[in-house]
Amino acid sequence: MPIELGYFTIPLPDVKKGMAFYGALFGWTFDENGPYAHVNNTRLPLGLNTGKAADLSTFYFRVDDAAAHAANVKALGGTAGEITQSPSGLGVQCTDDQGTRFALWQPAEGY
């Protein structure tokens, strides 16, 4: 059996601020435990932990509308680059309001 991603964390200088940002952006809800917060409403287990801002540019969060989510990233104090198109869909590189990089992906038909 191949090994799959089982859990990942997003390191942030301020977990509470991260909970507000990602909660508003993606609708995540959290169980908080000190310097850590577990996202409790996603299929893929993940969480936020205290650490330096990181580069999650290879983590693409699947969204249904890349432009709307990119605009929401900006409204929440983050940054969003230009939306690019590839055979697999639309993508946009972003940073949250604490400097952690990630990407959004709106899949093309069939992905």
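The values are calculated or read from the model by the stated rules, or taken from the named source; none is laboratory data. Note that this is a predicted model, so its numbers are computed, not measured. Quick reminder, even Gly has a Cβ in these numbers, built from the backbone with ideal geometry, and neighbours come from all protein chains shown.
Observations on the model:
- Within the set Val92, Val39, the sole residue that is under 21 Å from Leu5 (Cα atoms), at pLDDT 95 or above and surrounded by 18 or more Cβ atoms within 10 Å (Cβ to Cβ) turns out to be Val39.
- Qualifying residue in the stretch 1-23 (condition: assigned to a loop (DSSP other than H, G, I, E, B) and either polar (S, T, N, Q) or touching a Phe, Trp or Tyr at 6+ places or on another chain (Cβ under 8 Å) (or both)): no
- Looking only at the stretch 46-65, and only at residues there that are over 25 Å from Glu4 (Cβ atoms) and within 15 Å of the chain's Cα centre (by Cα), the one that is surrounded by the most Cβ atoms within 10 Å (Cβ to Cβ): Ala53
- Positions within the stretch 73-88 being surrounded by fewer than 19 Cβ atoms within 10 Å (Cβ to Cβ) and either touching a Cys at 6+ places or on another chain (Cβ under 7 Å) or not basic (Lys, Arg) (or both), in sequence order: Ala75, Leu76, Gly77, Thr79, Gly81, Glu82, Ile83, Thr84, Gln85, Ser86, Pro87, Ser88
- Enumeration of residues in the stretch 71-85 that are within 17 Å of Ala108 (Cα to Cα) and touching a residue at least 12 places away in the same chain (Cβ under 8 Å): Ile83
- Members of the stretch 43-96 that are assigned to a loop (DSSP other than H, G, I, E, B), under 14 Å from Leu25 (Cα atoms) and of a type in the set (Val, Ile, Thr): Val63
- Looking only at the stretch 5-62, and only at residues there that are of a type in the set (Lys, Arg) and touching a residue at least 40 places away in the same chain (Cβ under 8 Å), the one that is nearest to Asp96 (Cα to Cα): Lys17
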